[in-house]
Amino acid sequence: MKITRKTEIETTDVRVGDQIQVGKYTATCQAIPGQGLALFYLDQYLDKAMAYNRNGKNTGGYDASDVRRDLNAPEILEIFAALPLVPHENGDLLRLATYGEMFGHDEWYKSGTVEPDNDEQWPLMADRRNRVADREGEPYEWGWLQNIYKRSAARACAVDYGGNAYGWAASNVIGVRPAFIVKLS
């Protein structure tokens, strides 16, 4: 008989699939991007839903988006203050997952519908159930990804409530699940 047992331990030997508490949220390790580092992704959407861009356009992509600025605002960063965060390559402490990290290079990606990102799918995201999340007070929620939907100037990529890829109006206010890197001591 195989048994999966969850126990709480104190360790710096973090592995993909390990879970931590972040305030009232939980986050699961998705990757080990370097020696002494672990990339985590919230298991739930933040309580505060956000628009990709309030003006309804995807101009400038994620780098110029309202969701990027809102995600790295002091009131959101405060939730993560107890963690030794390491900035991502763009300097942000929090970021959205990319299409590639969530879905890999599937047919939708290969069709040119999605802004390319060259990221490999996180192993846990191969299971659709891990792409599904909720937001407090809401049933299963939709959530933003970094990539824009290239066939429309008014859409960005999202994960729907069933864990599937979708391109949705950038002005829609939906869930945000940050990815963040923790320095392990």
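The values are calculated or read from the model by the stated rules, or taken from the named source; none is laboratory data. This structure is a prediction, so every number in the text was calculated from the model and none was measured. Cβ sites come from the backbone with ideal geometry, for glycine too, and all protein chains shown count toward neighbours. Heavy atoms of the whole protein, side chains included, go into the accessibility calculation; ligands, DNA and RNA do not. Shrake-Rupley method; radii C 1.70, N 1.55, O 1.52, S 1.80 Å.
Data overview
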read-out: Probe 1.4 Å, all protein chains present, accessible-area order of 138, 120, largest first; value: 120, 138
read-out: Of the GluC sites (Glu not before Pro) in the stretch 1-102, those whose Cβ has at most 11 other Cβ within 10 Å and which sit in DSSP loop; value: 8, 10, 89
read-out: Largest-first ordering by accessible area, 1.4 Å probe, given options 32, 76, 9; value: 9, 32, 76
read-out: Trypsin sites (Lys or Arg not before Pro) restricted to DSSP loop in the stretch 129-161 with at most 13 other C-beta within 10 Å; value: 151
read-out: With all protein chains modelled, accessible area of residue 12 [1.4 Å, Å²]; value: 80 Å²
read-out: Whole-Å semi-axes of the ellipsoid equivalent to the stretch 1-106 (Cα gyration tensor, √5λ, descending); value: 28, 17, 14
read-out: Vicinal HN-Hα couplings computed from phi for the stretch 142-150 (Karplus, 6.51 cos²θ - 1.76 cosθ + 1.60; Hz; Gly/Pro x); value: 7, x, 6, 10, 5, 6, 8, 8, 5
read-out: Which label in (i) 48; (ii) 40; (iii) 34 gives the computed percent of Cα pairs over 23 Å apart; value: (ii)
